[in-house]
Amino acid sequence: MFKIAKEFQFDACHMLDGHNKKCHNLHGHTYKLLVEISGNLIADGSSADMVMDYADLKATVTQHIVDPLDHAYLYNQNNENECRIAALLHEMNRKTFAFPCRTTAEAMSKFIFDCLSQYLPVSMIKLWETPTSYCEYHRGEK
């Protein structure tokens with residue numbers, strides 16, 4: 001079994017409504033995302049001896065994660081205040097992305113893992129919220 005990984009970056013803003021520290025305010029991050037996939041080597045063809053062509057990995061992550069999240073307001077679709085901001089931004093034709101959870105690094109990591117698992121053999125997601133703070137998510141043993 002081999003593992004390969006690729007890094008990505010996107011900028012976005014969010015807030016954690018109800019949080020008792022400064023992150024309850026609207027603020028932004030330059031997120032760094034590491035997507036790790038695992039698998040056996042491809043036996044033949046132009047991708048022989050690869051787990052996956054990095055260009056294919058890049059295209060999938062860009063389409064399903066980076067493009068939708070980059071320069072968007074990320075919000076919890078279950079939070080009334082965050083939805084009010086999203087509604088105003090929609091009226092102004094601004095980019096938003098609704099999460100089914102709070103937009104913590106932890107919840108976002110799991111969401112990204114679950115989303116990409118539909119398309120890739122994801123083994124781990126690492127999401128940096130700041131240059132010194134990250135969350136790592138991988139599915140545990142069943």
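Every number here is computed from the coordinates shown, using simple stated rules; none is lab data. All values derive from a computational prediction rather than experimental measurement. Glycine also receives a Cβ, built like all others from the backbone with ideal geometry; neighbour counts cover every protein chain displayed.
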Which numbered condition S47 fails, given (1) touching an Asp or Glu at 6+ places or on another chain (Cβ under 8 Å); (2) in contact (Cβ under 8 Å) with a residue 40 or more places away in the chain:
(2)
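Listed here are the residues, each with its yes/no results for (1) among the aromatic types (F, W, Y); (2) more than 26 Å from I85 (Cα to Cα); (3) buried (at least 19 other Cβ atoms within 10 Å of the Cβ); (4) in contact with a helix residue (DSSP H, G or I) (Cβ under 9 Å, 6 or more places away or on another chain).
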residue	(1), (2), (3), (4)
A98	no, no, no, yes
T103	no, no, yes, yes
A107	no, no, no, no
K110	no, no, no, no
S117	no, yes, no, no
P121	no, yes, no, no
I125	no, yes, yes, yes
E129	no, no, yes, yes
Y137	yes, yes, yes, yes
Can you find even one residue in the stretch 16-37 that is assigned to a loop (DSSP other than H, G, I, E, B), within 17 Å of R84 (Cα to Cα), of a type outside the set (G, A, S) and touching a His at 6+ places or on another chain (Cβ under 7 Å)?
yes
Would you tally the residues in the stretch 11-37 being touching a residue at least 60 places away in the same chain (Cβ under 8 Å) and over 18 Å from the mean Cα position of the chain (by Cα)?
2
Taking the stretch 6-33 and keeping only residues that are of a type in the set (D, E, K, R) and either under 16 Å from P131 (Cβ atoms) or surrounded by 15 or more Cβ atoms within 10 Å (Cβ to Cβ) (or both), one is left with K6, E7, D11, D17, K32
